[in-house]
Amino acid sequence: GGSKRFLTCILYLNPNWTEGDGGELVVTPFLRAPVTIQPKHDRLAVFYSDRVLHSVNGFNGTDRFCLTVWLDALAGTVNLPQHVALKLNPEDVKGGVEVLATKLLARPAQRSVSRAVYREEYLASLRSCMEGHPGFEEMRASHESTVERFKANKPLWGLVEQLRKVKAFREMTGE
C-alpha cells in the first residue's frame, strides 16, 4: 500500500554549522508563509508528513548531518484515497475561498490540490534536488502532466487559482 508516514522528525547534528552554510529546512504549511529552520546542532524539527510541504535549501558548507525518523500511523489511518480526495460540500464553500482554505489547512485532502497550488515550488525543489541525476526528467514530466490534468478540469483549476491568490496574500502579509 501507500505510505503510512504521519510525522517526520529531523534531529540536526551540526556543531559547526554557521549562517551561510545553507542546508536549512523550509516547511510550508498549506497556504501559509514558509518557515525556515536552521540546521543547528541539537535542533529537532517535527512536522506532519502528510500535510506540510517541505524542502531543503542548497548546502554550501563542508559537512551537514541529520537523523531523520518517520513515525508511521496505524495501517489504514493515513494517506488513503478517502483522506486525500477533495470532496467539497455546500458547507465547505459557504464562507468563500478564505474559509475553505482554513479548513483545508487541517485536512490531508489539501494534498489533492497542493501540487497545482505550489507548482513552481514543486518544480524548483525537483530541480534543486534532482537536476542532472537519473530520473529527473521523468519526475519533471510527471509533475507537469499532473498540473496539465488540473488545468483540463476548469472548475478545479478555478479553485486552484483562487487558492493561489489566498496563498499570495497570506505570504505577502506574513500569515
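Residues in segment 69-81 include none that are in contact with a Leu (Cβ under 6 Å, 6 or more places away or on another chain), open to solvent by less than 60 Å² (accessible area, probe 1.4 Å) and under 21 Å from PHE6 (Cα atoms). Filtered by the rule that a residue be over 16 Å from ARG111 (Cα atoms), of a type in the set (Gly, Ala, Ser) and surrounded by fewer than 18 Cβ atoms within 10 Å (Cβ to Cβ), segment 1-38 gives GLY1, GLY20, GLY22, ALA33.
Taking PHE136 as the residue in question, decide whether it is open to solvent by less than 60 Å² (accessible area, probe 1.4 Å) and in contact (Cβ under 8 Å) with a residue 24 or more places away in the chain. Working first, answer last.
On the way: open to solvent by less than 60 Å² (accessible area, probe 1.4 Å): yes; in contact (Cβ under 8 Å) with a residue 24 or more places away in the chain: no.
No: the conditions fail for PHE136.
Exactly one residue among ALA116, ALA75 is in a helix (DSSP H, G or I) and not aromatic (Phe, Trp, Tyr), and that residue is ALA116.
Within segment 83-110, residues that are under 18 Å from TRP157 (Cα atoms) have Cβ atoms under 8 Å from residues that are of a type in the set (D, E, K, R) and exposed (fewer than 12 other Cβ atoms within 10 Å of the Cβ) in these pairs: ALA109/LYS87, counting only partners at least 6 apart in sequence or on another chain.
The values are calculated or read from the model by the stated rules, or taken from the named source; none is laboratory data. Keep in mind that what you see is a predicted model, and the values were worked out from it rather than measured. No Cβ is skipped: glycine too gets one built from the backbone with ideal geometry, and neighbour counts run over all protein chains shown. Surface accessibility is based on the protein's heavy atoms, side chains included, excluding ligands, DNA and RNA. Shrake-Rupley method; radii C 1.70, N 1.55, O 1.52, S 1.80 Å.
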